[in-house]
Amino acid sequence: QVQLVESGGGLVQAGGSLRLSCANSGRTFTTYAMGWFRQAPGKEREKVAAISWSGGSTYYADSVKGRFTISRDNAKNTVYLQMNNLKPEDTAVYYCAASPRTTMIRTTVNYWGQGTQVTVSS
């Protein structure tokens with residue numbers, strides 16, 4: 001069973017940084033690829049980044065390449081999203097996701113976290 005809990009969201013000025021964390025309290029963390037999605041008001045949930053179970057393979061959406069970094073610590077059952085040079089358009093609820101593959105899409109995610117709000121002011 002996988003139970004995901006996000007933390008680290010908040011309000012930040014444009015150009016600032018935040019680090020999101022997603023802790024899994026279940027026992028099968030290392031068998032899943034992990035990802036971060038986000039959903040802004042009135043928009044569909046979109047994939048931001050993903051990382052393989054070993055950490056050896058990553059994916060980033062074009063809109064965040066060079067600014068966001070996804071990582072995981074399997075010993076701590078935690079995945080992170082370091083977000084630098086934040087822009088107002090990054091404002092959204094960010095969701096942690098677990099799925100068998102890094103090529104996950106919204107409909108193939110097995111488990112979701114509850115979401116954490118990120119607000120970037122201009």
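Assorted remarks:
- Residues whose amide H lies under 5 Å from that of S57, counting only those 5 or more places away or on a different chain, are S52; hydrogens are built 1.01 Å from N in the peptide plane.
- Karplus (6.51, -1.76, 1.60) ³J(HN,Hα), θ = phi - 60°, over region 14-28, in Hz, Gly and Pro reported as x: 4, x, x, 10, 9, 10, 8, 10, 9, 9, 10, 8, x, 10, 10
- Converting phi to 3J(HN,Hα) with the Karplus coefficients 6.51, -1.76 and 1.60 and the offset θ = phi - 60°, region 106-122 yields 3, 7, 10, 6, 7, 9, 10, x, 7, x, 9, 7, 10, 10, 10, 8, 8 Hz in sequence order, with x at every glycine or proline.
- Accessible surface of D62 - all protein chains present, 1.4 Å probe, nearest 10 Å²: 130 Å²
- Each of W53, W36, W112 has its accessible area taken with a 1.4 Å probe; listed largest first, they run W53, W112, W36.
- Ranking Q3, T119, A92 by how far each Cα lies toward the positive end of the dipole of the chain (charges on Cβ) leaves Q3 at the top.
The values are calculated or read from the model by the stated rules, or taken from the named source; none is laboratory data. As the structure is a prediction and not an experimental result, all values here were calculated from the model. Every residue, glycine among them, receives a Cβ derived from its backbone with ideal geometry; neighbour counts consider all protein chains shown. The area values use the complete protein model at the heavy-atom level, side chains included, leaving out ligands, DNA and RNA. Shrake-Rupley method; radii C 1.70, N 1.55, O 1.52, S 1.80 Å.
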